[in-house]
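**Q** To start, I am sharing the structure in question, which I have written as structure tokens.
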Amino acid sequence: MSASQVLVLAKAPKPGRVKTRLCPPCTPEQAARIAAAALGDTLDTVAAAAAGARVLAVDGDHPAPPGWTTLPQRGGPLSDRLAAAFADSRAPGTATVLIGMDTPQLTVDHLDEALWLLGVAGGPDAVLGPATDGGWWALGLRDPGHAEVLRTVATSTATTGRRTLAALRRRGLRVSLLSRLRDVDTVADARTVAGLCPPGSRFVHAVAADVPSPATVDR
């Protein structure tokens with residue numbers, strides 16, 4: 001098997017289209033800047049990981065770093081867009097790890113662990129990174145064709161991660177679980193995750209600048 005690739009599924013950070021659950025107390029413009037910071041930090045981390053290739057599957061118009069491949073997302077529901085992103089980026093003999101833009105605390109070690117597990121002889125067929133809200137932040141497949149199973153799993157629910165794991169196992173795949181991470185959906189999430197990021201990161205600066213303080217909100 002050739003070197004694994006990392007696939008980032010993202011939305012262009014446009015006001016009113018991203019991080020809408022931050023509003024209020026954030027404005028749509030503030031939420032978009034927070035989303036842009038999360039995406040920027042995520043792309044930097046992926047760029048530093050030991051991947052053979054890097055792909056940005058984007059909803060909207062957003063530039064990828066040099067050396068990346070950019071693909072448009074297609075499909076309606078998120079489950080279909082996830083499966084389509086795996087299919088559209090599929091390369092013979094290349095495992096794929098898909099992540100989103102909601103975990104800017106992601107580290108190179110997180111990704112390298114997933115890539116290593118999929119590349120080592122006798123390793124798992126899939127890796128799944130559970131999220132604290134019941135979803136998942138990463139899915140890696142030795143054979144990206146198995147991503148078709150995602151079309152059967154409802155997304156954005158408290159049981160999405162558990163149901164995804166069960167669906168993969170019903171398909172006969174051996175699955176290894178990665179570290180549990182917290183997605184950024186709400187203001188409380190943003191504040192907590194900012195505390196897990198490097199002090200100089202885009203996300204830390206964006207949260208400090210664009211998330212109103214509790215005292216301001218209560219006025």
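**Q** Amide H to amide H, which residues 5 or more places from Leu98 or on other chains are under 5 Å from it, using H placed in the peptide plane?
**A** Long-range HN contacts for Leu98: Leu7, Leu139, Gly140, Leu141.
**Q** So what's the back-of-envelope 222 nm ellipticity for the chain, counting only DSSP H runs of four-plus at -39500 (n - 2.57) apiece and dividing by all residues, rounded to 500? Mind showing how you got there, number by number?
**A** On the way: 7 runs with 77 residues, N = 219.
Counting only the DSSP helices, I get -10500 deg cm²/dmol.
**Q** Evaluate the charge dipole of the chain about its Cα centre and quote only its size in Debye, nearest 20, assuming +1 on the Cβ of each Lys and Arg and -1 on the Cβ of each Asp and Glu.
**A** Dipole of the chain, to the nearest 20 debye: 500 debye.
**Q** Let me ask another. Can you order the peptides 163-175, 32-44 by their average number of other Cβ atoms within 10 Å per residue, highest first? Walk me through the numbers on the way to the answer.
**A** Working: 163-175: 16.0, 32-44: 23.3.
Highest-to-lowest ranking by the protection proxy: 32-44, 163-175.
**Q** Have a look at the DSSP beta bridges in the chain and tell me what percent are antiparallel, nearest 5. Please list the in-between numbers first.
**A** Numbers: 9 of 29 bridges.
Around 30 percent of the beta bridges assigned by DSSP in the chain are antiparallel ones.
**Q** Which distance in Å, rounded to a whole number, links the C-alpha centroids of the stretch 61-81 and the stretch 154-219?
**A** Cα centres, the stretch 61-81 to the stretch 154-219: 20 Å.
**Q** Kindly write out, for the stretch 158-168 in residue order, the coupling ³J(HN,Hα) from the Karplus curve 6.51 cos²θ - 1.76 cosθ + 1.60 (θ = phi - 60°), rounded to whole Hz, with x marking Gly and Pro.
**A** For the stretch 158-168, the Karplus curve yields 6, 10, 4, x, 5, 6, 5, 4, 5, 5, 5 Hz.
**Q** Shifting gears a bit: For Gly135, list long-range residues whose amide hydrogen, built 1.01 Å from N in the peptide plane, is under 5 Å from its own amide hydrogen.
**A** For Gly135, the qualifying residues are Gly161.
**Q** Could you grab the relative contact order for the stretch 94-217? Cα pairs under 8 Å, six or more apart, rounded to a whole percent. Please list the in-between numbers first.
**A** On the way: 177 pairs, mean separation 34.5, N = 124.
Relative CO of the stretch 94-217 lands at 28 percent.
**Q** Something else about it: Using each residue's phi in the stretch 36-43, evaluate 6.51 cos²θ - 1.76 cosθ + 1.60 at θ = phi - 60° and report the 3J(HN,Hα) Karplus result to the nearest Hz, with x for Gly and Pro.
**A** 4, 5, 4, 5, x, 5, 5, 5
**Q** What FRET efficiency would be calculated for the residue pair Arg169, Val120, taking the C-beta separation as r and a Förster radius of 25 Å, to the nearest 0.05? Numbers along the way, then the final one.
**A** Numbers: r = 20 Å, r/R0 = 0.80.
Rounded to the nearest 0.05, the efficiency is 0.80.
**Q** With a cut-off of 8 Å between alpha carbons and a minimum separation of six or more residues, what is the relative contact order of the chain in percent?
**A** On the way: 425 pairs, mean separation 52.2, N = 219.
That works out to 24 percent.
**Q** What are the ³J(HN,Hα) values, in whole Hz, obtained from phi via the Karplus relation 6.51 cos²θ - 1.76 cosθ + 1.60 with θ = phi - 60°, for each residue of the stretch 98-105 in sequence order, with x given for Gly and Pro?
**A** 9, 9, x, 10, 9, 10, x, 6
**Q** Among Val18, Ser89, Ser79, which residue has its Cα furthest toward the positive end of the charge dipole of the chain, with +1 on Lys/Arg Cβ and -1 on Asp/Glu Cβ?
**A** Going by the charge dipole, the pick is Ser79.
**Q** Report the relative contact order of the stretch 41-129, percent, no decimals, based on alpha-carbon pairs under 8 angstrom and at least 6 residues apart. Please list the in-between numbers first.
**A** Numbers: 78 pairs, mean separation 25.4, N = 89.
29 percent.
**Q** On to the next question. Going 7 Å from the Cα of Asp88 in the Cα-to-Cβ direction, what parts of the stretch 34-71 have a backbone nitrogen less than 13 Å from that spot?
**A** The answer is 55-62, 69-71.
**Q** Taking volume of the Cα convex hull per residue in Å³ straight from the coordinates, which label in (i) 140; (ii) 99; (iii) 110 is the correct one?
**A** Read-out taken from this structure: (iii).
**Q** With a 10 Å radius around each residue's Cβ, average the other Cβ atoms per peptide and rank 113-120, 148-155, highest first.
**A** On the way: 113-120: 19.6, 148-155: 16.5.
Sorting 113-120, 148-155 by mean packing, highest first, produces 113-120, 148-155.
Just so you know, all these numbers are worked out from the coordinates, no wet-lab data involved. What you see is a predicted model, and the numbers here were worked out from it, not measured in a lab. Cβ atoms come from the backbone with ideal geometry, glycine included; neighbour counts cover every protein chain shown.
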